[in-house]
Amino acid sequence: MSNRYPYATAIPLDGFIAKENDDLQWLEETEGEGDNGYADMYQSIDTVIMGKRTYDYILEHSDTFPYPDKKCYVFTTAQTGENEHVTFVQEDVVTFTKRLKEQKGAKIWMVGGAVILDAFLQEQLIDEWIITITPHLLGSGIPLFTSPRPFENLRLLETKRYGQMVQMHYQVRKEA
């Protein structure tokens, strides 16, 4: 079975993933319920990919690395090699992830990063969307979608409410 690529994120109603300065304080203060479905999603994945900007943000804002039990790849032109938690990749993200997708595995989660998400969208690599809408209108910031992308037809799998948040889980309908 080939890997699946879910994209899971929480966004305010106006579609920004963060404020201009990467501020996520609004998200951290949102009244949710439990872990807002995070544990279930996290248990379903075995690999995490992200860009260097997201990786640096995580290191700066976390006391411990949040994905210690997953294989993690960080796409960057600034570093090579690996450390105890991640492997740094200087290869094209699409080429690398297409090769990764052909390997046996569960799910690969693309964590944050509008640049990597845009590359995935252009190649239609996202298989599932798990979008949690928060009760905010940021007004400006880093948009979830940064450029035009191909049309995709989605199928709603389920919705859940977590306090003031609503989570929608969609599957991308692949055309034969």
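Nothing in this text is a laboratory measurement; each read-out follows from the coordinates by a stated rule. None of these values were measured; they are calculated from a predicted model. Every residue, glycine among them, receives a Cβ derived from its backbone with ideal geometry; neighbour counts consider all protein chains shown.
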**Study point:** Lys pairs, the range 6-173 - Cα-Cα below 19 angstrom, 8 or more residues apart or on other chains
**Key:** 12
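If each residue's Cβ is checked for other Cβ atoms within 10 Å, how do H61, H85 rank with the fewest at the top? Could you put the intermediate results ahead of the total?
On the way: H61 11, H85 18.
Listing H61, H85 from fewest to most nearby Cβ atoms yields H61, H85.
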Revision key, fill the gap. Diffing the range 148-161: the Karplus 3J(HN,Hα) column from phi (6.51, -1.76, 1.60, θ = phi - 60°), in whole Hz with x for Gly and Pro, holds x, 9, x, 5, 9, 9, 10, 10, 6, 8, 6, 10, 9, 10
Practice item. Taking H placed 1.01 Å from N in the peptide plane, check which residues at least 5 places from V166 or on another chain put their amide H under 5 Å from its amide H. Key: I133
Review point. Karplus couplings for the range 76-87 from phi (6.51 cos²θ - 1.76 cosθ + 1.60, θ = phi - 60°), rounded to Hz, Gly and Pro as x?
Key: 7, 9, 9, 9, 9, x, 7, 10, 5, 10, 9, 10
Revision key, fill the gap. Scoring only Lys, Arg, Asp and Glu (+1, +1, -1, -1) among other residues with Cβ under 14 Å from the Cβ of V115 yields -2
Practice item. Kindly provide the helix-only [θ] at 222 nm of the chain, computed as the sum of -39,500 (n - 2.57) over DSSP H runs of four or more divided by all residues, to the nearest 500 deg cm²/dmol? Key: -5500 deg cm²/dmol
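Near G34, within a Cβ-to-Cβ distance under 13 Å, what is the net charge of the other residues, with Lys and Arg +1 and Asp and Glu -1? The partial results should precede the final answer.
On the way: positive: K160, R161; negative: E31, E33, D35, D40.
Taking every other residue near G34 into account, the sum is -2.
How big is the shadow of the Cα convex hull of the chain, averaged over all directions, in nm²?
On the way: hull surface 42.2 nm².
Quarter of the Cα hull surface area: 10.6 nm².
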Practice item. State the extension gain, in nm to one decimal, for the chain segment bounded by Q164 and E28, taking 0.36 nm per residue of separation less the distance between their alpha-carbons. Key: 47.7 nm
